[in-house]
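What follows is a set of notes on a single structure, which appears directly below.
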Number of protein chains: 2
Amino acid sequence: MPPSPLAPTAPTAPTPVPTDAFHVYDTTLRDGAQREGLSLSVQDKLTIARHLDELGVGFIEGGWPGANPKDVEFFRRAQSELRLTTATLAAFGATRRPNAIAADDPQVAALRESGAPVITVVAKAHTGHVRAALRTTLEENLAMVADTVTHLVGEGRRVFLDAEHFFDGYALDPAYALEVVQVATEAGAAVVALCDTNGGMLPGQLADVVAHVGELGSRLGIHCHDDAGCAVANTLAAVDAGATHVQGTANGYGERCGNANLFTVIANLALKQGRPVLPDGNLAELSRISHAIAEVANIAPEPHAPYVGGSAFAHKAGLHVSAIKVAPEMYQHLDPAAVGNDMRLLVSELAGRATVELRGRALGLELDREATTRIVDRVKELEAAGYSFEAADASFELLLRTEVSGDAPRFFSLESWRVIVEHRPGGEVVSEATVKLHAKGERFVATGEGNGPVNALDRALRLALGQLHPGLASLDLLDYKVRILEGAHGTDAVTRVLVATGDGEAEWTTVGVHDNVIAASWMALAEAYTYGLLRQSAVDAD
Amino acid sequence: MPPSPLAPTAPTAPTPVPTDAFHVYDTTLRDGAQREGLSLSVQDKLTIARHLDELGVGFIEGGWPGANPKDVEFFRRAQSELRLTTATLAAFGATRRPNAIAADDPQVAALRESGAPVITVVAKAHTGHVRAALRTTLEENLAMVADTVTHLVGEGRRVFLDAEHFFDGYALDPAYALEVVQVATEAGAAVVALCDTNGGMLPGQLADVVAHVGELGSRLGIHCHDDAGCAVANTLAAVDAGATHVQGTANGYGERCGNANLFTVIANLALKQGRPVLPDGNLAELSRISHAIAEVANIAPEPHAPYVGGSAFAHKAGLHVSAIKVAPEMYQHLDPAAVGNDMRLLVSELAGRATVELRGRALGLELDREATTRIVDRVKELEAAGYSFEAADASFELLLRTEVSGDAPRFFSLESWRVIVEHRPGGEVVSEATVKLHAKGERFVATGEGNGPVNALDRALRLALGQLHPGLASLDLLDYKVRILEGAHGTDAVTRVLVATGDGEAEWTTVGVHDNVIAASWMALAEAYTYGLLRQSAVDAD
């Protein structure tokens, strides 16, 4: 997306962050990886760790070496391959087994052998879980906490304690929950992180508990899940109540509804509460790093994510577009540049001249008054016919370029195409398409088969055009969306097709509208390849 | 203190909700529709309104009739077509223009003419916005509020005031912001909803402001956006501080990062705070209605959404799977059945039975244990292949009937079909379909033309089948939706088609899934007509 020309520069944090006064503790690689469908290789984990370090988090929890062989390998490779500049690695693990000795426990040994300077020990703080999950006594659980923490501290590690199911445990038996915190602190735990493991807390109740536990004098952390949609607010409430260590995950990845989104927490702490939780200037990397981690995780970035989403500062400006242009700060809770994001004015049926001017400027096109009027009229006419340029950045750019130069960028001209789809008597469904087109004075005819009519048409077009433009092979169709627009009846309505295409460096979206879904798909495909070829070489155009 | 997770879950509200003590006000159709890429037809809006009414919200804001011709049509059709049982319709609009008279203002006239019993008037409460966006004086803005509210109250409407940019305005000039609230209340506004229009507030600060404004004695509402990831928590904080009217949108749809997710707010209020904000028993419909609205909006349901997401109670159980099975309440913040969701253990799926039993009972079908198991297995298999029955009620009923009777209701059997779509050298696009089928021992062949392949196929099918079933002529295709499901590449992915059909008395939806969009459409069309014929006459079936 084009950077907004109106955005003033981001204020940078006034001072570097003191390394230990406030902890930003990332658990993407351990708790975040519990997200349904997410699977990270060791290589993925190393790459994500580098991104998190670049952002400037204080701690990166790399995994549970005592439970997962892949995590053993992560810590082994991390020692030789990761050169962290800001972050400290933490290994996660459980207290020793009941009625055993921490020094002899193989799971605890795996924590020591990870080489991580910080060990985060998870312990039960809920009497029901001690009995049902650990199947031991309340006294033995306390001994397990004390022994494990003492042992690891004695081995020269810094130990944090994750008090699992803390808030539910506190509701059931506050004295016991507090005793776990006390025992861990006395054994040498530097932080006790209170965990809302089931994620059901609301900020008010949670803050009361944190404040009460704080009276013990332990340094407290907070670990929240988003099952009530309040993970970020709960984390902030805990900080207000005295916690100085926040746990969360990149983009809020995690089991069920996810963990607290660490990026939202960081931005709120830094920009709303003036806590410099990242090194100087790093906050402006937030959007880029959020998207980079999403790429590694192979999860589409959430466009509506606070601060970092592609839509987070996108305005369907409508009547107020001129006001937004003059005073963007009146329509945004902060300057998007502060988190490395951009304001976007969406081209929509209500928007007008100002949007077109802004977008033209972002593309480096000189638009005079007359051209702007022409474009606004053309956009209105197309939107009335069913087009939507909000998502179709490439089609909009082609339209702007056409109006500025007086001629559409064109790499071929169509003679005809034909698509046949057949459900044969045996039940087999087959699709076949033939495309005939002209380019550079030659005629190209090609036939493609596909598992659907648009796929067949796409293949035929690539075959025909690829003879002249071998670069087409590097273009990839990434997404295809169909939207049926209002009509008198369901199947004779107007159809809008959006096609997302990429060449490994950039992605762009094109739109086609027609009362025939195949014709609409053709239009979007033809623009997708035109835009791709335009990127590859402006001089190729005839 | 938090409620104990070990306590029995989800008490249902002991009494029906008093209609006016607490307002659940939905603005999906107006503010939610500002979401980037979301475009709702009038038909979509009517369908969503029905779903919201079924859920039991108190108010449905239908649109801005003075600004959008489509919204005028919505209110016109709503008067004749919507039969709301719980909800009251609200029309949204602005105060009159500066230096004019409300009674003569065309935009205010459109509000009156909408026929909506409630009018929500948006007003500026921020001095900067009054000057820059309205370009009027602070005094005239107050006059605009007073005049518009007084006029509409005088016309017999209940008036709510949306105080736009309230919190930012309050930060800048608290006296003026309070004056707007006071003036609106004195003019007769029943509620003043304080809007965090830019979405940047955090719960603590927001609650302080709401409490302070509450001292004026006005009835307060709250309208939040999620730009700081705190929209739900902010809404709850406002309620704690005295607001008795909450605004939000289905699934949190809305501009930028979205509005407060009304479904999360409702579940938190009802299940965490014991406020019976929905009619008795309706909360168990929450997940179903959330997904049905997502289907209408053509937005994939968010799997990680609190309460209603497909992953919201999905456990990567790992070591704890047996503990979860024995005591699920120790691992979940509440019983998922309370919101119509299911626990899922990702190692061994348990979902479904209860839903199938409920739906079977609703249709008057006797389902024994074995039939239920068979249906659950079949649904799982189909959903894994891309089917979704949440919106496709008729396809689900056909599936249930097939499993109960051992045979599918069937009015014809297919021999073959073929569709040809051609872009001819002159630019004309033509579609033609031929259908061959057998019914009552006869063979029927028909060819249809249409403005698209599915329309042609529909016409051919109606022609062929109509010879035997003249009643088919009374069936009308109302809507046709295509969703491309995840695949390796855009155009070779699996396609899901939903077809909505009506016969003047009822509407039903069918689903087809295939990697070929035409074949998926055929499946949905064939089920649509099968269901329609089944309604017309059970005895006709052979």
Query raised in the report: Would region B:509-528 turn up any residue that is buried (at least 22 other Cβ atoms within 10 Å of the Cβ), touching a helix residue (DSSP H, G or I) at 6+ places or on another chain (Cβ under 7 Å) and at pLDDT below 90?
Result: yes
Report task. Report, by residue number, each residue of region A:240-272 that is closer than 14 Å to B:Ala228 by Cβ and either surrounded by fewer than 24 Cβ atoms within 10 Å (Cβ to Cβ) or not assigned by TED's automatic domain parsing to the domain that holds A:Ala284 (or both). Result -> A:Leu269, A:Ala270, A:Leu271, A:Lys272
**Report entry** Filter result for B:Gly93 (within 30 Å of A:Ser388 (Cβ to Cβ), within 20 Å of the chain's Cα centre (by Cα) and without any contact (Cβ under 8 Å) to a residue 40 or more places away in the chain)
**Finding:** no
Query raised in the report: Looking at region B:424-435, is at least one residue at pLDDT below 90, touching a helix residue (DSSP H, G or I) at 6+ places or on another chain (Cβ under 9 Å) and acidic (Asp, Glu)?
Result: no
Query - Number of the exception - A:Ala385 against (1) open to solvent by 40 Å² or more (accessible area, probe 1.4 Å); (2) free of Cβ contacts under 8 Å to residues at least 24 places away in the same chain; (3) under 20 Å from A:Ala526 (Cβ atoms) - result: (2)
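Kindly evaluate A:Val454 against the criterion of being open to solvent by less than 30 Å² (accessible area, probe 1.4 Å), facing chain B (nearest Cβ under 7 Å), modelled with pLDDT of 95 or more and farther than 30 Å from A:Thr372 by Cα.
Considered against the rule, which asks whether it is open to solvent by less than 30 Å² (accessible area, probe 1.4 Å), facing chain B (nearest Cβ under 7 Å), modelled with pLDDT of 95 or more and farther than 30 Å from A:Thr372 by Cα, A:Val454 comes out as no.
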Query - B:Leu38 modelled with pLDDT under 90 and either more than 26 Å from A:Pro303 (Cα to Cα) or outside any helix (DSSP H, G or I) (or both) - result: yes
Query raised in the report: Which ones in region B:214-262 are closer than 19 Å to B:Glu302 by Cβ, at the interface with chain A (Cβ under 9 Å from one of its Cβ atoms) and assigned to a helix (DSSP H, G or I)?
Result: B:Ala231, B:Val232, B:Ala233, B:Gly252
Report summary line: With criteria (1) part of a helix (DSSP H, G or I); (2) under 21 Å from A:Thr509 (Cβ atoms); (3) open to solvent by 20 Å² or more (accessible area, probe 1.4 Å), A:Arg410 comes up short on (1)
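To keep it simple, each residue is scored yes or no on (1) without any contact (Cβ under 8 Å) to a residue 40 or more places away in the chain; (2) basic (Lys, Arg).
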| residue | (1), (2) |
| --- | --- |
| A:Arg158 | no, yes |
| A:Ala163 | no, no |
| A:Phe167 | no, no |
| A:Ala175 | yes, no |
| A:Val181 | no, no |
| A:Glu186 | no, no |
| A:Thr197 | yes, no |
| A:Met201 | yes, no |
Query raised in the report: If only one of B:Gly252, B:Gly229 is at positive phi and touching a Cys at 6+ places or on another chain (Cβ under 8 Å), which one is it?
Result: B:Gly229
Query raised in the report: Pick from A:Val347, A:Val308, A:Val321: which is at pLDDT below 90 and not in a helix (DSSP H, G or I)?
Result: A:Val347
Query raised in the report: How many residues, within region A:52-77, are surrounded by fewer than 24 Cβ atoms within 10 Å (Cβ to Cβ) and more than 20 Å from A:Tyr253 (Cα to Cα)?
Result: 8
Report task. Pull up region A:120-158, narrow it to residues that are of a type in the set (S, T, N, Q) and out of contact with any Lys or Arg (no Cβ under 7 Å at 6 or more places or on another chain), then point me to the one that is nearest to B:Gln332 (Cα to Cα). Result -> A:Thr127
**Report entry** Lone qualifier among B:Leu468, B:Leu463 - being touching a Gly at 6+ places or on another chain (Cβ under 8 Å), more than 9 Å from every other protein chain (Cβ to nearest Cβ), over 23 Å from A:Glu449 (Cα atoms) and open to solvent by 20 Å² or more (accessible area, probe 1.4 Å)
**Finding:** B:Leu463
**Report entry** Qualifying residues in region A:128-141 (those that are buried (at least 19 other Cβ atoms within 10 Å of the Cβ) and more than 26 Å from A:Val72 (Cβ to Cβ)) - the one farthest from the chain's Cα centre (by Cα)
**Finding:** A:Asn141
Query raised in the report: Only one of A:Val445, A:Val435, A:Val430, A:Val404 is of a type in the set (A, V, I, L, M), touching a Lys or Arg at 6+ places or on another chain (Cβ under 6 Å) and more than 7 Å from chain B (Cβ to nearest Cβ); which?
Result: A:Val445
Report task. Specify which of the listed residues (B:Gln34, B:Gln43) is touching a residue at least 40 places away in the same chain (Cβ under 8 Å), within 14 Å of chain A (Cβ to nearest Cβ) and open to solvent by less than 50 Å² (accessible area, probe 1.4 Å). Result -> B:Gln43
**Report entry** Extreme residue, most open to solvent (accessible area, probe 1.4 Å), among residues of region B:202-211 that are hydrophobic (A, V, I, L, M, F, W, C) and out of contact with any Lys or Arg (no Cβ under 9 Å at 6 or more places or on another chain)
**Finding:** B:Ala211
Query raised in the report: List pairs: first in region B:290-314 and closer than 19 Å to A:Glu255 by Cα and open to solvent by less than 10 Å² (accessible area, probe 1.4 Å), second part of a helix (DSSP H, G or I) and not polar (S, T, N, Q), Cβ under 7 Å, 6+ apart or cross-chain?
Result: B:Tyr307/B:Phe263; B:Tyr307/B:Ala267; B:Tyr307/B:Leu286; B:Tyr307/B:Val339; B:Val308/B:Phe263; B:Val308/B:Leu286; B:Val308/B:Val339; B:Phe313/B:Pro336
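Is it the case, given these coordinates, that A:Ala392 is within 14 Å of chain B (Cβ to nearest Cβ), of a type outside the set (Val, Ile, Thr) and open to solvent by 50 Å² or more (accessible area, probe 1.4 Å)?
no
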Query raised in the report: Restricting the search to region B:148-157, which residues are assigned to a helix (DSSP H, G or I) and buried (at least 20 other Cβ atoms within 10 Å of the Cβ)?
Result: B:Thr148, B:Val149, B:His151, B:Leu152
Query raised in the report: Is there a residue in region A:472-492 that is touching a Gly at 6+ places or on another chain (Cβ under 9 Å), of a type in the set (Gly, Ala, Ser) and open to solvent by less than 30 Å² (accessible area, probe 1.4 Å)?
Result: no
Query - Candidates A:Ala237, A:Ala233, filtered to the one that is touching a Pro at 6+ places or on another chain (Cβ under 6 Å), under 24 Å from B:Asn268 (Cα atoms) and open to solvent by 10 Å² or more (accessible area, probe 1.4 Å) - result: A:Ala237
Query raised in the report: Which ones in region A:158-201 are buried (at least 24 other Cβ atoms within 10 Å of the Cβ), in a loop (DSSP other than H, G, I, E, B) and away from chain B (no Cβ under 14 Å)?
Result: A:Ala189
Report summary line: For region B:279-289, the count of residues that are open to solvent by 10 Å² or more (accessible area, probe 1.4 Å) and within 26 Å of B:Ala233 (Cβ to Cβ) equals 6
Report task. Return yes or no: is B:Ala21 more than 30 Å from A:Ala177 (Cβ to Cβ) and modelled with pLDDT under 95? Result -> yes
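The values are calculated or read from the model by the stated rules, or taken from the named source; none is laboratory data. This is a predicted model, so every value here is computed, not measured. Note that each Cβ is placed from the backbone with ideal geometry, even for glycine, and that neighbours are counted across all protein chains shown. Accessible surface is based on the protein model in full, side chains and every heavy atom, while ligands, DNA and RNA are left aside. Shrake-Rupley method; radii C 1.70, N 1.55, O 1.52, S 1.80 Å.
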